[in-house]
Amino acid sequence: MKDVPSWLKSLRLHKYAALFAQMSYEEMMTLTEHHLESQNVTKGARHKIALSIQKLRERQSVLRALEKDILEGGNLWTALQELQQ
């Protein structure tokens with residue numbers, strides 16, 4: 001969780017770092033916009049945070065699919081481009 005302040009800064013939401021300071025990764029991954037609203041996070045910030053967390057949830061399945069594709073003879077360059085997005 002040491003990278004959370006950097007992640008928030010990349011979203012220009014570093015003022016919410018204290019909110020995440022005592023959270024575990026598992027707790028962070030279950031956050032909803034409703035929970036963030038109850039913590040007085042602004043609507044735009046809630047949306048950005050929720051989208052980023054959703055991407056983190058999806059990352060594992062994307063990585064597994066790319067790994068499977070590469071191991072089955074897929075194009076490494078295509079996989080790297082997918083990761084960049």
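Take every pair of alpha-carbon atoms less than 8 Å apart whose residues are at least six positions apart; their mean separation over the length of the chain yields a relative contact order of 19 percent. Peptides 41-52, 17-28, 70-81 ranked from most to least packed by the mean count of surrounding Cβ atoms within 10 Å: 41-52, 17-28, 70-81. Identify the residues of segment 56-72 with backbone N under 19 Å of a label point that sits 7 angstrom from the Cα of Arg12 along the Cα-to-Cβ direction, or state none. What the label zone holds, given the 19 Å backbone N cut-off, is no residue at all. Determine Rg/Rh for the chain; Rg is computed over alpha-carbon atoms and Rh is the Kirkwood hydrodynamic estimate from the same atoms. Ratio of gyration radius to Kirkwood radius for the chain: 1.08. Simple spin-label estimate for Glu72 and Ser52 gives 3.4 nm between the two label positions (7 Å along the Cα-to-Cβ direction from each Cα).
Laboratory data are not the source of any read-out in this text; all were calculated from the coordinates shown. Note that the coordinates shown come from a computational prediction; the quantities given were computed from them, not determined experimentally. Every residue, glycine as well, gets a Cβ built from its backbone with ideal geometry; the counts of neighbours run over all protein chains shown.
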